[in-house]
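See structure below.
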Amino acid sequence: MYAAVVFLPLLGAIIAGFFGRKIGDRASQIVTCTGVGLSAFLSLAIFNEVVLQGHVVTVHVLNFLNVQGIDVSWELRFDTLTAVMLLVVNWVSFMVHVYSIGYMHHDPSVPRFQSYLSLFTFAMLMLVTANNLVQLFFGWEGVGLASYLLIGFWHERPSASAAAIKAFVVNRVGDFGFALGIFGTFMLTGSLGFDAIFAAAPAKAAVVFHLFGMDVNAITACCLLLFVGAMGKSAQLGLHTWLPDAMEGPTPVSALIHAATMVTAGVFMVARMSPLFEYSDTALMVVTIVGACTAMFAATIGCVQNDIKRIIAYSTCSQLGYMFFAIGVSGYQAGVFHLFTHAFFKALLFLGAGSVIHAMSDEQDIRRMGGIAKHIPVTTALMYIGSLALAGIAPFAGHYSKDAILEAAWGSGTQVGHFAYWIGVSAAFLTAFYSWRLLILTFHGKPRADEHVMAHVHESPAVMIVPLLVLAAGAVFAGWAGAESFVGAGREHFWGKAILVLASHPAMENAEHVPALISMLPAIAAVSGILVAYLFYMFVPALPRLLAQAFRPVHLFLLNKWYVDELYNFLFVRPAFWLGEGLWKGGDGALIDGVGPDGVAAATRDIARRFSALQSGYLYHYAFSMLTGAAVFVTWYIVKVG
């Protein structure tokens with residue numbers, strides 16, 4: 001059962017990938033959906049045995065590496081953290097696989113798409129079941145490869161190919177830091193296995209590395225480098241630029257990669273490494289600040305975007321910021337709880353957006369929608385459920401997890417924690433605002449699409465609606481069902497040894513005793529954001545345009561995503577192209593080829609051309625040359641002898 005839950009998606013990916021053309025589209029869909037579906041149901045059994053019955057399990061697969069004292073085995077680790085991630089990854093992936101049957105039915109490369117989905121699922125399962133940093137890195141890079149293939153699935157589109165390359169390159173920046181963090185952790189603890197690293201951490205708390213003439217706390221250095229990897233994979237501020245562009249992939253890809261799985265890999269990794277991060281207050285402070293800034297940064301941009309998928313993408317970026325600043329104040333349980341609930345309602349929103357795009361004949365601009373609620377009532381209702389959960393409105397799932405994060409931030413009692421709290425409350429207002437902006441402009445008001453598009457607006461088929469209903473159930477009940485175990489009184493028993501929190505970091509304990517106003521402010525902010533959205537886009541629709549004109553620089557700043565892409569283009573992309581072109585034309589072309597192969601060839605051709613000029617074909621020319629040569633030879637002989 002434990003090995004099957006990981007390898008069944010790989011089996012489906014191999015069959016669909018190598019034999020898809022022979023077995024056909026439908027068989028490929030059945031094989032991949034069956035593999036992931038079985039894994040989803042097996043993950044329920046594993047959750048019952050590992051979490052509810054308290055049996056932590058490690059499955060040895062094979063010996064992976066044994067070189068000069070470095071002994072790394074391929075082992076599958078099943079504890080509470082893994083069991084929770086298995087539920088998230090497998091069930092969301094299963095729903096995405098089923099949804100893709102309807103959404104991608106017209107695509108000519110269905111087997112390839114289904115194979116990529118299952119391959120991605122396998123890589124993610126490898127990541128969350130890793131028992132050492134090498135295996136974690138293997139899954140980490142596998143997820144990156146599969147995401148590249150999925151984002152660039154429609155490779156005939158230049159924008160999709162560019163987005164795939166951008167995602168790959170930006171993640172390599174983060175992965176470089178991650179790899180250095182792994183090396184540093186090995187140098188510090190002498191091991192790559194989690195249990196050995198965690199056991200060694202307390203004794204290494206005061207060890208320093210001598211770097212660049214400075215003494216740096218070793219655990220802090222390792223944690224910050226590991227966090228750089230998390231920033232890339234989880235699209236935190238600075239390494240976030242790939243996430244919005246990744247919307248060029250098919251909508252099921254957006255739901256799978258950017259809602260529940262790949263982007264949460266960084267959150268999972270930091271939570272897994274909590275026994276290391278807990279010994280570095282500096283690293284935790286950096287995680288808190290980066291997470292809080294990301295939450296606000298992405299929320300401000302989401303307020304002015306017009307592509308329905310990009311709005312939800314920036315929402316994902318913002319919610320990941322919440323998860324990280326929860327971890328930064330040692331509220332790991334709250335961060336993973338939000339990861340759990342967010343997976344359901346964000347996948348619901350992405351797939352719901354796909355249903356809207358399907359109904360609107362592939363239109364994605366919300367300014368060209370409107371008035372379609374009566375045509376697609378089920379999709380409309382499901383999008384409202386997802387948005388209520390995202391905004392943190394009770395009793396939907398997001399309310400429980402988001403409130404737990406904000407209360408933990410306040411309960412940390414630190415200046416950084418209070419900063420994160422106020423940023424989180426502000427972001428909650430903006431989240432509710434842009435969510436209802438999307439709903440109002442998409443489903444209500446007068447139709448803004450042309451008559452031909454409106455005439456064909458229709459509800460999605462059952463194969464697309466049923467997965468939405470399953471995810472909607474999670475968006476409604478996941479928070480209520482998990483609150484007591486994840487962040488309530490039962491959290492110590494629930495998490496066991498999967499997460500370590502030192503007694504000096506009492507954020508979760510203090511969260512239960514925060515003032516009533518602190519607990520109520522997030523809900524007040526969310527309701528206020530909804531009311532402002534109704535005012536702007538339902539009651540006084542001219543107001544947004546007037547504000548955009550009055551504050552044009554601010555509007556352009558947000559519309560252009562804080563000009564981060566332009567800044568990177570100026571600092572890195574253009575110099576790289578300039579350097580590359582210079583090395584190509586000046587170094588490779590002029591110097592290496594000019595002096596080397598091309599130079600030798602040119603000199604040979606020139607010499608041959610000059611000698612060929614002597615071959616005129618006239619006998620008297622040759623006789624004259626011979627006489628001249630003889631005269632020169634005789635003269636040389638006379639001079640030499642004399």
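The values are calculated or read from the model by the stated rules, or taken from the named source; none is laboratory data. Not measured: the values here are computed from a predicted model. Glycine also receives a Cβ, built like all others from the backbone with ideal geometry; neighbour counts cover every protein chain displayed. Side chains included, ligands, DNA and RNA excluded: accessible areas come from the protein's heavy atoms. Shrake-Rupley method; radii C 1.70, N 1.55, O 1.52, S 1.80 Å.
Can you pull the Kirkwood radius for the range 170-313, inverse mean 1/r over Cα pairs, to one decimal in Å?
Evaluated over the range 170-313, this radius sits at 16.3 Å.
Mind checking the full-extension length gain between D107 and M285? Use 0.36 nm per residue of separation minus the Cα-Cα distance, one decimal, nm.
59.4 nm
Run the 1.4 Å probe and let me know the accessible area of E512, rounded to the nearest 10 Å².
Spelled out: E512, probe radius 1.4 Å, area about 110 Å².
Rank these residues by their accessible area, most exposed first, probe 1.4 Å: M626, M508.
The residues order as M626, M508, largest area first.
For Y637 and V554 in the same chain, what is the full-extension length gain: residue separation times 0.36 nm, less their Cα-Cα distance, in nm?
Answer, rounded to one decimal: 20.6 nm.
How large is the accessible surface of E141 in square angstrom, using a 1.4 angstrom probe and rounding to the nearest 10?
50 Å²
Quick check: at a probe of 1.4 Å, how many percent of the accessible area of the chain sits on carbon and sulfur atoms?
Of the solvent-accessible surface of the chain, carbon and sulfur hold 70 percent.
Expressed as a whole number of Å, what is the distance separating the alpha-carbon centroids of the range 502-542 and the range 224-266?
For the range 224-266 versus the range 502-542, the Cα centre distance is 25 Å.
Calculate, for R605 and A630, the FRET efficiency according to 1/(1 + (r/R0)^6) with r their C-beta to C-beta distance and R0 41 Å; round to the nearest 0.05.
Rounded to the nearest 0.05, the efficiency is 0.85.
Please turn the phi angles of the range 452-458 into ³J(HN,Hα) values with the Karplus equation 6.51 cos²θ - 1.76 cosθ + 1.60 (θ = phi - 60°), one per residue in order, whole Hz, x for glycine and proline.
5, 5, 5, 5, 10, 5, 8
With the calculation restricted to Cα positions, what are the radius of gyration and Dmax of the range 512-642 in angstrom?
Over the range 512-642's Cα set, Rg and Dmax evaluate to 41.3, 121 Å.
Which ³J(HN,Hα) values in Hz, rounded to whole numbers, follow from the phi angles of the range 340-346 under the Karplus curve 6.51 cos²θ - 1.76 cosθ + 1.60, where θ = phi - 60° and Gly and Pro get x?
5, 6, 4, 4, 6, 6, 6
So for the pair M538, K585, with labels modelled 7 Å out along Cα→Cβ, what separation do we get in nm?
Each label point lies 7 Å from its Cα, and together they span 5.9 nm.
May I ask you to list the lysines whose Cα is less than 25 Å away from that of K497, ignoring any residue fewer than eight positions away on the same chain?
K204, K402
Angle check, please: helix 80-103 long axis (alpha carbons) against the longest principal axis of the chain (alpha carbons), in degrees 0 to 90, nearest 10.
Taking the Cα atoms of the chain, the angle to 80-103 is about 70 degrees.
I need to check one value: relative contact order of the range 280-539, counting alpha carbon pairs closer than 8 Å and at least 6 residues apart, in percent.
Rounded, it is 28 percent for the range 280-539.
Rounded to the nearest Å, what's the spacing between the alpha carbon centres of the range 308-380 and the range 458-485? Just the number, please.
Cα centroid to Cα centroid, the span is 13 Å.
Using Cα atoms only, what is the angle between the long axis of helix 516-534 and the major principal axis of the chain, expressed in degrees (0 to 90) to the nearest 10?
So the helix axis and the longest Cα principal axis differ by about 70 degrees.
Going by Cα centres, the range 120-148 and the range 1-78 are how many Å apart?
Rounded to whole Å, the Cα centres lie 12 Å apart.
How large are Rg and Dmax for the range 463-552 when only the alpha carbon atoms are used, in Å?
Using the Cα atoms of the range 463-552, the pair Rg, Dmax is 20.6, 56 Å.
Counting only protein chains, not ligands or nucleic acids, how are L438, L11 ordered by accessible area (probe 1.4 Å), most first?
These residues rank, largest area first, as L11, L438.
Distances longer than 22 Å among the Cα atoms of the range 280-539: what percent of all pairs is that?
For the range 280-539, the fraction of Cα-Cα distances above 22 Å is 53 percent.
Going from most exposed to least, what order do L81, L543, L627 have by accessible area with a 1.4 Å probe?
Accessible-area ranking of L81, L543, L627, largest first: L627, L543, L81.
So what are the three principal axis dimensions of the range 265-349 from its Cα atoms, in whole Å, longest to shortest?
Principal extents (Cα only, largest first): 43, 23, 16 Å.
Can you compute the modelled spin-label distance between R26 and D195, with each label point 7 Å from Cα toward Cβ, in nm?
That separation, rounded to one decimal, is 5.0 nm.
From Cα pairs below 8 angstrom and at least 6 apart in sequence, can you work out the relative contact order of the chain, rounded to a whole percent?
Here the relative contact order equals 12 percent.
Residues of the range 316-350 with amide nitrogen under 16 Å from the 7 Å Cα-to-Cβ point of F419?
Output list for this probe position: 322, 324-330.
Extension gain A473-D362, at 0.36 nm per residue separation less the Cα-Cα distance, in nm?
Between A473 and D362, full extension yields an extra 37.3 nm.
In nm, to one decimal, how far is the modelled label at F7 from the one at E512, with both set 7 Å along Cα→Cβ?
For the pair F7/E512, the computed spacing is 4.4 nm.
Return one number: the angle in degrees, 0 to 90 and rounded to the nearest 10, between the long axis of the Cα atoms of helix 218-233 and the longest principal axis of the Cα atoms of the chain.
Helix 218-233 sits at roughly 90 degrees to that axis.
Can you give the translational diffusion coefficient of the range 200-254 in µm²/s, computed by Stokes-Einstein from the Kirkwood radius over Cα pairs at 25 °C and 0.890 mPa s?
D, rounded to a whole number, is 178 µm²/s.
What does the convex hull of the Cα atoms of the chain come to per residue, in Å³, rounded to a whole number?
Per residue, the Cα convex hull of the chain comes to 267 Å³.
So how long is each side of the range 404-457 along the principal axes, counting just the alpha-carbon atoms, biggest first, in Å?
Ordered largest first, the range 404-457 gives principal extents of 58, 15, 12 Å.
Measuring with a 1.4 Å probe in the full set of protein chains, what accessible area per residue, in whole Å², belongs to the range 443-575?
Spelled out: the 1.4 Å probe surface of the range 443-575, per residue, equals 60 Å².
Going by amide H atoms built from the backbone, whose H comes under 5 Å of the H on F64, apart from near neighbours?
V72, S73, W74
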